[in-house]
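Working notes, beginning with the structure itself.
What follows draws every value from the coordinates through simple rules; no lab data is involved. None of these values were measured; they are calculated from a predicted model. Using ideal geometry, Cβ is built from the backbone for each residue, glycine included, and neighbour counts are taken over all protein chains shown.
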Amino acid sequence: MKLINHLIFRITLFFTAVMLLWSGVYFFLQMKEIHDDNDEGLTNLKQEFIAKANKIPDFVEQLENFNPLNIIVQEISRAEAEGAAENFATTHVYFATELEKEEVRMLTTAFRCTQNGKYYRLQLFTSTVESDDLIKNMLYLLLGLWIALSSTVLVVGKIVIAKANRPFYKLLEELGKFRLDSSKMVDFEETNIKEYKQLNESVKNLLERNISIFTGQKIFIENTSHELQTPLAIAAAKLEMLLEKYQDNENLAEEIASILSILGRMKRLNTNLLLLSKIKNRQFPETSPVNLRDVLESALDELEELIAYKEITVERQGDFAPTLTMNNDLAHILLTNLIKNAIFHNRQNGKIIIRYTSNSITIANSGSQPAVHVFSRYRHDSSDTKSSGLGLSIAKSVADLYRIEITYRYDKMHIFTLTLKK
């Protein structure tokens with residue numbers, strides 16, 4: 001969920017809860033005010049009625065003849081009168097003219113008439129606003145108010161929040177395009193919001209420090225790699241001269257050849273470490289659509305002599321060819337390293353099976369036992385003096401760079417699978 005939608009949802013939810021609470025309180029206070037007004041009117045009417053009944057002879061008897069609509073007088077015993085309590089209640093009374101019961105507010109009390117000494121129950125009532133109608137009308141009005149206010153909150157709130165958060169989204173967009181190997185700094189949005197100013201300044205300082213560190217490491221690695229090549233080449237050249245000079249001395253020649261082999265491995269290790277660093281630092285920006293099958297077949301052609309030397313049979317399955325936009329050189333490095341691994345860790349007269357699908361390539365080679373930590377750096381067969389131990393680590397780095405899933409499993413064969421992630 002986007003930040004703006006999250007904020008609008010929370011604000012709307014809070015606003016709705018407040019409106020519901022306010023509506024309930026408003027309805028309660030409104031009904032209480034209506035009842036208080038009615039009760040006050042009924043109390044005044046009661047006092048006036050009792051005053052006239054005690055003052056005017058035969059007032060109660062005459063009232064019964066007139067039978068007013070909102071006054072009911074009924075003679076009761078003294079005991080009932082003394083035990084009666086004044087009571088206000090909302091009830092319903094049938095009106096013949098309306099042919100239905102109507103909601104009324106009724107006052108029930110008792111009094112003693114001084115004119116005749118009798119006790120009476122007195123019921124006075126007045127029409128009031130029906131609760132059902134009031135609730136219905138209030139709900140309609142409040143619903144209209146909620147819709148109007150909610151629409152206003154959604155529209156205005158989204159516009160205001162979106163405008164306020166524009167520097168944040170701009171920063172996210174710029175960070176998504178930012179590359180450490182590029183000299184271009186992030187383009188920060190101008191803002192008057194203090195927090196976003198602080199965020200932009202913090203991100204700018206962080207990026208500047210990282211660019212500085214990255215540039216320093218890059219220069220150090222390149223310089224170190226370059227400087228190492230020269231003494232290694234000189235040492236190798238001198239050893240080759242010694243090998244030619246003392247080739248008649250078999251023991252010395254073997255020692256020199258062993259040292260040359262170690263120097264050769266050091267040169268390959270130095271080259272591969274530099275390559276691994278460049279891959280990690282994304283220093284291969286050029287990309288184009290690459291057919292991985294074509295690249296793999298090219299790698300097989302280049303390694304044909306090694307395959308023939310170990311008398312390995314290559315079997316191909318599938319007609320589809322996965323295509324991916326990536327750097328062509330890195331694609332070649334990725335697949336060449338996997339094929340080299342399948343050759344070096346194969347047995348004499350072994351087999352390599354290559355399976356193509358629309359989104360994957362599987363390379364399987366015969367082998368006697370499963371390998372462990374296959375993608376770890378410097379893992380290699382100790383008997384293989386030509387291996388730097390970085391081949392599969394480099395392949396894994398290239399695969400990760402282009403969101404290719406690379407997996408290993410053993411099922412009577414060593415099986416590596418490259419799967420294009422969606």
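Quick notes on this structure:
- Radius of gyration and maximum dimension Dmax of the chain, Cα, Å: 47.5, 158
- Which of His414, His92 has the fewest Cβ neighbours within 10 Å, and the rest in rising order: His92, His414
- Order of Lys351, Lys177 - criterion: other Cβ atoms within 10 Å of each residue's Cβ, fewest first: Lys177, Lys351
- Adding -39500 (n - 2.57) for every DSSP H run of four residues or longer, then dividing by how many residues the chain holds, sets the calculated 222 nm ellipticity at -20000 deg cm²/dmol.
- Sorting 137-145, 338-346 by their mean Cβ neighbour count within 10 Å, with the most densely packed peptide first, gives 338-346, 137-145.
- The lysines whose alpha-carbon is closer than 21 Å to the alpha-carbon of Lys118, local same-chain residues fewer than 8 away aside, are Lys46, Lys52, Lys55.
- Pairs of lysine residues in the range 288-420 that meet both criteria, 8 or more places apart or on different chains and Cα atoms under 18 Å apart, total 7.
- 0 to 90° range, to nearest 10: angle between helix 292-302 axis and the chain longest Cα axis: 20
- Per-selection Rg to Rh, the range 3-152 - Cα, Kirkwood hydrodynamic radius: 1.23
- Gain in span if fully extended, Lys218 to Phe9, counting 0.36 nm per residue against the direct Cα distance: 70.5 nm
- Three-way shape call for the range 1-92 based on the alpha-carbon gyration tensor, with the a/c threshold at 1.5: prolate
- In summary, the lysines within cross-link reach of Lys177, defined as a Cα separation below 21 angstrom excluding same-chain residues under 8 places away, comprise Lys2, Lys197, Lys204, Lys218, Lys278, Lys280, Lys421, Lys422.
- Each of Trp146, Trp22 was scored by other Cβ atoms within 10 Å of its Cβ. Arranged with the fewest first, they read Trp22, Trp146.
- Bridges between two residues of the chain, per DSSP, are antiparallel at a rate of about 90%.
- Proximal aspartates and glutamates relative to Lys184, as straight alpha-carbon distance under 19 Å, when same-chain residues fewer than 8 apart are discounted: Glu173, Glu174, Glu201, Glu208, Glu286
- Helix 328-344 vs. the chain, principal-axis angle (Cα, 0 to 90°, nearest 10): 70
- Over all other residues within a Cβ to Cβ distance under 13 Å of Asn192, the charged ones net out to +1, with Lys and Arg as +1 and Asp and Glu as -1.
- Relative to the Cα centre, the charge distribution of the chain, modelled as +1 at Lys and Arg Cβ and -1 at Asp and Glu Cβ, gives a dipole magnitude of about 1520 debye.
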